[in-house]
1. Distance between Cα centroids, region 1-77 to region 166-186: provide it in whole Å.
2. Take Met1, Met7 and sort them by solvent-accessible surface of the protein heavy atoms, 1.4 Å probe, largest at the top.
3. How much solvent-accessible surface does Ser114 expose, in Å² to the nearest 10, with a 1.4 Å probe and all protein chains in place?
4. Can you tell me how much longer the chain between Asp8 and Gln201 gets when fully stretched, taken as 0.36 nm per residue apart minus their C-alpha distance, in nm with one decimal?
5. With all protein chains present, calculate the accessible area of Arg142 using a 1.4 Å probe and round the result to the nearest 10 Å².
6. Per residue of region 23-34, what does 6.51 cos²θ - 1.76 cosθ + 1.60 with θ = phi - 60° give for ³J(HN,Hα)? Whole Hz please, x for Gly and Pro, Karplus curve as stated.
7. Glu185 to Arg44: extension gain in nm, 0.36 nm per residue of separation minus the Cα-Cα distance?
8. Give the long-range amide H neighbours of Val12: residues separated by 5 or more places, or on another chain, with amide H under 5 Å away, using H modelled in the peptide plane at 1.01 Å from N.
Amino acid sequence: MNARELMDLCPVVPVVVLEEPEQAVPLARALVAGGLPAIELTLRTPAALEAIKRIAAEVPAAVVGAGTITTPDQARAAAGAGARFLVSPGCTDLLREAMTGSGLPFLPGVATASEALALLEHGVTAMKFFPAKAAGGAAYLRALGGPLPQVRFCPTGGITPETAADYLALPNVGCVGGTWLTPPELVRAGDWDRIEHLARQAAALRS
């Protein structure tokens with residue numbers, strides 16, 4: 001699987017923050033059951049790497065990735081934990097080299113045309129657009145499609161169930177990242193049925 005194929009797995013990639021590793025497996029099962037196999041688990045908590053390990057080992061239908069990759073060490077640790085893709089909020093030469101060296105598909109973050117051009121110089125054509133809403137939203141991505149038709153984006157940041165379809169309608173958007181699928185109150189309560197329902201609604205955005 002390459003990064004562009006990753007975007008085809010589902011219209012919305014859940015962007016997940018977990019406080020407890022025990023939440024990982026039931027959460028992943030709920031998202032997969034709802035039709036969203038690609039899951040970005042952010043490295044924002046001490047539980048993240050262990051959560052990735054558990055999902056990789058116990059939920060084979062899930063394609064679990066690691067997000068908020070900001071250092072080469074994090075890229076290596078995520079790959080070692082069993083992550084199947086990497087996502088970063090921005091990108092430097094060192095970080096790009098580390099993610100490339102991991103052998104995993106990755107979505108490096110960009111917010112401007114110049115940042116996208118810098119990655120194109122290294123053959124990268126699949127990117128995360130972040131922070132999507134603050135950086136100009138769907139209108140900005142539509143404008144980028146003219147001069148950069150070869151780039152496919154996964155916009156993330158400030159996207160809601162109401163605005164996701166606007167992004168997905170763009171020819172240069174492969175999928176969107178969404179935090180609304182796993183609100184902290186539902187995760188803490190273990191309301192996996194509700195999370196599965198939200199996943200089903202998101203999966204239907206491409207139907």
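1. 15
2. Largest accessible area first, the list is Met1, Met7.
3. Accessible area, nearest 10 Å²: 90 Å².
4. 67.8 nm
5. Around 140 Å² of this residue is reachable by solvent.
6. Per-residue couplings from phi come out as 7, 5, 5, x, 5, 4, 4, 5, 5, 5, 4, x Hz.
7. Net length gain for the segment: 49.0 nm.
8. Placed amide hydrogens put Val176 under 5 Å from Val12.
The values are calculated or read from the model by the stated rules, or taken from the named source; none is laboratory data. Owing to the predicted nature of the structure, the values given are computational and were not obtained by experimental measurement. Positions of Cβ are generated from backbone atoms using ideal geometry, with glycine treated the same way; all protein chains shown enter the neighbour counts. Each accessible area value is taken on the protein alone, full model and side chains, heavy atoms only, with ligands, DNA and RNA left out. Shrake-Rupley method; radii C 1.70, N 1.55, O 1.52, S 1.80 Å.
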